[in-house]
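Contents: one structure, followed by commentary.
The values are calculated or read from the model by the stated rules, or taken from the named source; none is laboratory data. What you are looking at is a predicted structure, and each value in this text was computed from that prediction instead of being measured. When we count neighbours, we look across all protein chains shown, and the Cβ atoms used for this are built from the backbone with ideal geometry, even at glycine.
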Amino acid sequence: MPDADADPDETREWLDALDASVRAGGKERGLFLLKKLEEQAQHLGIVAHVPPYSAYQNTIPLEEQGPYPGDLALEERITSIMRWNALAMVVRANRAYGELGGHIASYASAAEIFEVGFNHFFHAGDASRRADLVFFQPHSAPGVYARAFLEGRLTEEQLANFRQEVGGKGLSSYPHPWLMPKFWQFPTGSMGIGPISAIYHARFMRYLEHRGIAATGERHVWGVFGDGEMDEPESIGALTLAARESLDNLTFVINCNLQRLDGPVRGNGQIIQELESLFIGAGWNVIKVLWGSDWDPLFARDTHHALLRQFAATVDGQYQTLGANDGAYNASHFFGLDPELRALVAHMSLAEIDALKRGGHDFRKLYAALRAARAHAGQPTVVLAKTKKGYGMGGVGESRMTSHQQKKLDLEALKAFRDRFRLHLSDDDLAQMRFYRPADGSPELAYLRERRAALGGALPARRDDAMAVAVPPLESYARFALDAGGHEMSTTTAVVRLIGNLLKDGALGPRIVPIVADEARTFGMANLFRQIGIYSPVGQLYEPEDAASMLRYREAQDGQLLEEGITEAGALSSWVAAATSYSVHGVAMLPFYIYYSMFGFQRVGDLIWAAADQRARGFLLGATAGRTTLGGEGLQHQDGSSHVAAATIPNCRAYDPAFAYEVAVIVDHGARQMMERQDDVFYYVTVMNENYAQPSLPAGVADDIVRGMYRLPNDDAPRGDARVRLLGSGTILREVVAAAKLLRDDWQIASEAWSVTSFGELAREARELERRNRLHPAQPRRSSHVERCLAGDAPVVAATDYVRAYPQLIASYVGAPFIVLGTDGFGRSDTRSALRDYFEIDRRHIAVAALDALARQQHVPGGVVEKAIERYAIDAGAPPPWTR
Ligand SMILES: Cc1ncc(C[n+]2csc(CCOP(=O)(O)OP(=O)(O)O)c2C)c(N)n1
């Protein structure tokens, strides 16, 4: 686009004409003319479309800014105190220990954003409504602690123990509900998780409202995020959903300090303009807060828009350098570049130029923006607030490349900080890094309390006060699985039937939230479309193609199923919103998110980790599970590892059941633990798509199914006579049973067959008891379930559809020789039997492994293993599957 003005007089005439029209006809008239001009320009082929961003100025003009409702001077003083305490917390931790880390510069840039929110917007709830949801930029946690200290919610001792949690009196580095369950609601420490969670929480609030479960209408979701953070795919992946569903209960405030950790977010561009385009394109309302009030008189006099031209020509790397330097530098390197600009600031001293603030540090500008965001209807809003990283840190950290890492300030830097923010601190206070809290009854504390009282009380605060929800008796909804009597079905079908039956229960049914990421048909759930409807805030505006079908695609405003489309990150975020509803909304919900198991822990594992942190309660169902059970699909789809990842999450109870009755017992146990006992755990259950005859629940094994293993009643070794123990999990259990038969028929060897529903749960209990025994040597030793089941020295062979590391979780608790067969390596597309041969986990390989173990114990004659290899046509020369 040509920037040079070929005919300044003509340009002037056009601009004057626009000015005159707006003066006479108002903004509306101006907008109308511009729209017409744009249409005409497109007609003439001059522009294909206009750029999706506005000039580099504040969106809200001064005339519409309105008065500030607070006491500016007091708020500034309070903010300065918070700045100091936040800084002191980090510097003290690092002075004393040198290794604890922490951040000063992020909160330094976000302080005014947080404070405007705390003093005027973030509602903590009252008798008629619960609290707003606030997502805090994680590296600014010290600022949130600093405020809680002034409010009397945290003690000086706690502040002094920032990042020293082990003794029990510390504060966590970032927002972690697991570590501070009464304080933090939402974990945001991993970049990107906050933004996507905020969107799905806002959406879930609408879902609860539309389904008549909870009134959430007055509540708002606020998220303060970093501009660097917006590069994460999760940060931006759900923006269009928020606009599509008109989530005007959601406001993002992006702290555009133009820097991330290493350097500028867009050194050679303008992140604010880029984000504006992105959000406008996604359908959001965008409010830019770029310049503070002291710029207003300059804009008023800048009739030729010299400022806007120079802003547009300045890239962020340069803005950062300008930010790091003083008035003299800014006078020469910014205002000095253009004679009009030079004239504009000719009346200002260098100190005044130095003091020109960015909008994100101006309470008035921020307040106007947040108020407009709160009032905006029909769209979510993003406030793009331009700030300085390390604001107030002076030469050591303000807009410096190294701001993010700055954790230590020497006395001179501290003095400069004190003077700049006019803190009542002596040199000795500075040297000792004393926290500062004004006296009770001081105007500062009185104001702080008054503001929070007006907004319902303190934030952040996490609650845990939902009513328990009764789960119906297992027999009432799972008879088909408990008395399957050989009926053929897959475990996926079983779990879908269980959900379908639970949905019909008067108490629990409405609380169930089935969630899919475009795979409902894959898992045989299409019947739910009609039965419970697919949630859509606008209902269904079209006649579905399959309207006449029993399984028709029915969208409804009170639909219960969340059909997320192809976004595992989105579906998982929905799951978290439902799984934490007991805390966020005081209404316990029970989500079942069913998905391709490979696209769970492997794809969105970090979101699951964060879900664990926030004490999610619900079911994750890893369907089409197992490396060889999902035939045909191949390398990218076949999951052999999710159970290993699941086992690393302390509050995740993970199971790999083989039979429908096992699924039923596990789901029932989990539902009771989460909905009735209200334990902070969640369940991961893998289910498969292989159809086979489902036996009925044997008597007396239900508890052991939950513990993790039980002996199959129909193996034919009299107890004690078995020469070898065979363990199987998931569908591979059936190969184990078949291997036992081979051993008996071909080699006259008796064996036991065990179904291992969870190596992870077995290992968890065993290591707990191992530790207990170690630390209490004088007390009688206690043995774990796995040790009791597998006592003695008859070899144990475990086979799984997962990598060997999964059964090996129990290896150190098995005294007998322990051989594991698993599916290490890349998957392949082929039939189940071909894959099980390839990965060497089928009945033949299990039998050979058992014989080999017995041969090593000299329980079978030499040569038997070779004979078996030959008899079962095993290719001993084949390279290991994990090398292929
Ligand atoms: C997923 C993830 N990757 C990397 C990090 C490490 N990290 C922490 S803060 C940060 C920079 C944040 O920059 P920005 O979002 O702009 O926030 P600022 O601190 O500048 O306000 C990085 C890379 C992280 N916390 N999470």
With the requirement that a residue be over 27 Å from MET467 (Cα atoms) and either outside any loop (DSSP other than H, G, I, E, B) or of a type in the set (Val, Ile, Thr) (or both), what does the range 532-562 give you?
VAL538, GLU555, ALA556
Return the only residue of ASP294, ASP316, ASP302, ASP248 being more than 20 Å from ALA110 (Cβ to Cβ), of a type in the set (Asp, Glu) and touching a Pro at 6+ places or on another chain (Cβ under 8 Å).
ASP248
For the range 200-228, what are the residues that are free of Cβ contacts under 8 Å to residues at least 40 places away in the same chain and within 16 Å of the ligand (Cβ to nearest atom)?
GLY228
So ALA799, is it within 40 Å of the chain's Cα centre (by Cα) and buried (at least 22 other Cβ atoms within 10 Å of the Cβ)
yes
Would you mind finding the one in PRO460, PRO438, PRO472 that is in a loop (DSSP other than H, G, I, E, B), in contact with a helix residue (DSSP H, G or I) (Cβ under 8 Å, 6 or more places away or on another chain) and either free of Cβ contacts under 8 Å to residues at least 12 places away in the same chain or surrounded by fewer than 18 Cβ atoms within 10 Å (Cβ to Cβ) (or both)?
PRO438
Quick check on this structure: which one of TYR367, TYR391 is touching a helix residue (DSSP H, G or I) at 6+ places or on another chain (Cβ under 7 Å), touching a residue at least 40 places away in the same chain (Cβ under 8 Å) and assigned to a loop (DSSP other than H, G, I, E, B)?
TYR391
Residue within the range 178-199 that is within 14 Å of the ligand (Cβ to nearest atom), closer than 15 Å to THR580 by Cβ, in a loop (DSSP other than H, G, I, E, B) and in contact with a Ser or Thr (Cβ under 9 Å, 6 or more places away or on another chain) present
yes
Read through the list (1) more than 16 Å from the ligand (Cβ to nearest atom); (2) crowded, with 24+ Cβ neighbours inside 10 Å, then give the number of the only condition that SER109 fails.
(1)
Can you run down the residue pairs with Cβ atoms below 9 Å, 6 or more apart or on separate chains, where the first is in the range 631-651 and under 14 Å from MET598 (Cβ atoms) and among the acidic types (Asp, Glu) and the partner is in a helix (DSSP H, G or I) and modelled with pLDDT of 95 or more?
GLU633/MET598; ASP639/SER597; ASP639/MET598; ASP639/PHE599; ASP639/PHE601; ASP639/GLN602
Scope the range 461-496; condition out of contact with any strand residue (DSSP E or B) (no Cβ under 8 Å at 6 or more places or on another chain) and of a type in the set (D, E, K, R); matching residues:
ARG462, ARG463, ASP464, ASP465, GLU475, ARG479, ASP483
Hits in the range 862-879 (condition: part of a helix (DSSP H, G or I), of a type in the set (A, V, I, L, M) and without any contact (Cβ under 8 Å) to a residue 60 or more places away in the chain)
VAL865, ILE869
Can you name every residue in the range 303-332 that is assigned to a helix (DSSP H, G or I) and closer than 22 Å to ARG420 by Cβ?
TYR319, GLN320, THR321, LEU322, GLY323, ALA324, GLY327, ALA328, TYR329, ASN330, ALA331
Please find, within the range 605-641, the residue that is surrounded by the most Cβ atoms within 10 Å (Cβ to Cβ) out of those that are among the acidic types (Asp, Glu) and over 16 Å from the mean Cα position of the chain (by Cα).
ASP639
From (1) within 16 Å of the ligand (Cβ to nearest atom); (2) surrounded by fewer than 24 Cβ atoms within 10 Å (Cβ to Cβ); (3) modelled with pLDDT of 95 or more, pick out the condition that doesn't hold for ARG130.
(1)
